[in-house]
1. Does Tyr385 fit the bill of being assigned to a helix (DSSP H, G or I), among the aromatic types (Phe, Trp, Tyr) and open to solvent by less than 60 Å² (accessible area, probe 1.4 Å)?
2. How many residues, within the range 315-328, are open to solvent by less than 20 Å² (accessible area, probe 1.4 Å) and either more than 28 Å from Thr404 (Cβ to Cβ) or in contact with a Gly (Cβ under 7 Å, 6 or more places away or on another chain) (or both)?
3. Check Gly334 against each of (1) surrounded by fewer than 22 Cβ atoms within 10 Å (Cβ to Cβ); (2) touching a residue at least 60 places away in the same chain (Cβ under 8 Å); (3) small (Gly, Ala, Ser) and name the one condition it does not meet.
4. Which one of Thr525, Thr499, Thr462 is free of Cβ contacts under 8 Å to residues at least 12 places away in the same chain and hydroxyl-bearing (Ser, Thr, Tyr)?
5. Tally the residues that are under 15 Å from Tyr321 (Cα atoms) and either free of Cβ contacts under 8 Å to residues at least 60 places away in the same chain or not hydroxyl-bearing (Ser, Thr, Tyr) (or both), restricting the search to the range 406-442.
6. For the range 45-68, which residues satisfy the criterion of being within 24 Å of the chain's Cα centre (by Cα) and within 18 Å of Tyr176 (Cα to Cα)?
7. List the helices (runs of 4 or more DSSP H) inside the range 209-302, counting only whole elements, that have at least 2 residues being small (Gly, Ala, Ser) and open to solvent by 10 Å² or more (accessible area, probe 1.4 Å).
8. Those residues that are farther than 26 Å from Arg463 by Cβ, part of a loop (DSSP other than H, G, I, E, B) and open to solvent by 30 Å² or more (accessible area, probe 1.4 Å), I need them from the range 34-57; list them, please.
Amino acid sequence: MSRKSDVNTAPRVLLVFPKFYENSMWNFKEAMEIQGARAAAPPLGLITLAAMLPEAWRITLINANCEPLTDEAIRAADLVMTGGMLPQEPDCLGIIERCRTLGTPVCVGGPAPTSTPDVYDRADFVVAGEAEGILPEFVAAWERGERRGRFTAAKFKADVTTSPIPRFDLLTFSHYLYIGVQFSRGCPFTCEFCDIIELYGRSPRTKTAPQMLAELDRLFALGYRGHVDFVDDNLIGNKKAIKLFLPHLIAWQEAHGYPFKFSTEASLNLADDDELLVLMRRANFFALFIGIETPDEATLIQTQKKQNTRRSIAESVHKLYEAGMFVTAGFIVGFDSEKDSITRAMATCIADTGIPIAMVGLLFALPNTQLSRRLRREGRLYANYAETTADQGDQCTQGLNFVTSRPQRDVLADYRGVLKEIYEPNAFFARVRETGRRLNRPRFAAQRIQWGAVAKDLASLTRIMWRVSVRRPDLAKLAWSVFVETARRNPAALEAVVTNIVIYLHVYPFSRYVMQEIDARLAATDAGAWVQPPVLAPELETTATGRVGRVTVEHFAAVA
């Protein structure tokens, strides 16, 4: 790619990160308000894209989740570049229309446009696939004067070792709860409902240790301290690579006084690898998101999530606690193999693990996954299964976009039952108490005290406990009881305890809202008012790329 251009003629490029759904389990407004943040995480994809563009191109960034996108900003640009994931699609399509109205060319890319480029056909440019593999062609076309085009990268071929340091300098750090970096792309597993292997393949490609350390150096030089999330969909997908990298990360942390604490997403088989647990502990990984999905082994086998079988889920999670990392997990209701009610088994599993925040959702057939293709073959996939609207919620309320194998009413009732039980205050705080007792956080001799961070944390703690005591007096006794016990017996676990309490301030009312939505769906079913949408003809789909990337699943860990 040519990186030389006359500064006077170089295009003015506006990168726009679209808004996410407002109504979501993942939208932790309480946490952001307490920390004075505007969004959970910055747009890592866009600031990486910014680093790939020619040096002379004049680049600005607007995150629509943090600040308004004005007509003036669009008019001032020669080119708008936007795109993202399925939960951002309604706003992204709106941005395209605004650009067309205002006469500014717009280019879209990312997971959703990669999956269904026809949905984005009104954009001037559509760039599908990983940017490293196709962006030079787009830049060359633009510099030739072309103002419309379609570009598609070869699948799974992008060399991530050539990916540049993201433009962290474009960010206002105070707008975010944490900052993301990426080590690998891809996952070796074949979970039927997941689209990661469709987007990035089954052979995880990894950056080099010098690459990753250079990214951390840049963050450190810019003055950032605190929570850094490895956004990898499965950090341990390539165990050999991560084991080779972690000693370098540990040495970097020691040399810099442990300025960062890390979170990530990993598969549950992490608990089987003692060497890897020790390395992650020494590097200061403090939080994990794990996809548990269901305690039912037959369902795990049917959905090809075999890495969770032949094990005690609770014992595996407890081992992660002992390694110093608290766990948030994903669960799903609505699989074909659920022959009877799953409520009791799932609620018991969540209680036994001691996982405070369990993100339970209804099964949603993502576009171009094994699941959606199977349902299409079986004539069970709704014709409107992939539609998005600005007012819809996430999979918690919009799942089951297919004909279920057992009565849909039973699935909805099960789902409601799980939410009711696990987020009842006594049940929730019992799990928080368990976390406070089991979590074995390390101490680091080389760790330097960041007095600014300490002051910020103390201020946040004051606001948190005030909100619990004054705004939610019904929770005050439970919250203070767990807080005091943890402070006395295991003070190193206080951060995790407080983090989970803050998240509960959002999750509890949201779970009750979801229950109301489910009640309305049940009432409509009982009254005969619900009509099943038409299904797609049972024929094979031709595309095999995923549509939805990971939705910053580490939001859970961003508070303390």
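The values are calculated or read from the model by the stated rules, or taken from the named source; none is laboratory data. From a predicted model like this one, the values you see are computed outputs, not experimental measurements. Here the Cβ is made from the backbone with ideal geometry for all residues, glycine too, and neighbour counts use every protein chain on show. For the accessible areas, the whole protein counts, side chains as well, though only heavy atoms, and no ligand, DNA or RNA atoms are used. Shrake-Rupley method; radii C 1.70, N 1.55, O 1.52, S 1.80 Å.
1. No; evaluated as a whole, the condition is false for this residue.
2. Residues meeting the conditions: 9.
3. (1)
4. It is Thr462.
5. Result for the range 406-442: 11.
6. Gly45, Leu46, Ile47, Thr48, Leu61, Ile62, Asn63, Ala64, Asn65, Cys66, Glu67, Pro68
7. Correct list: 209-221, 239-256.
8. Glu55
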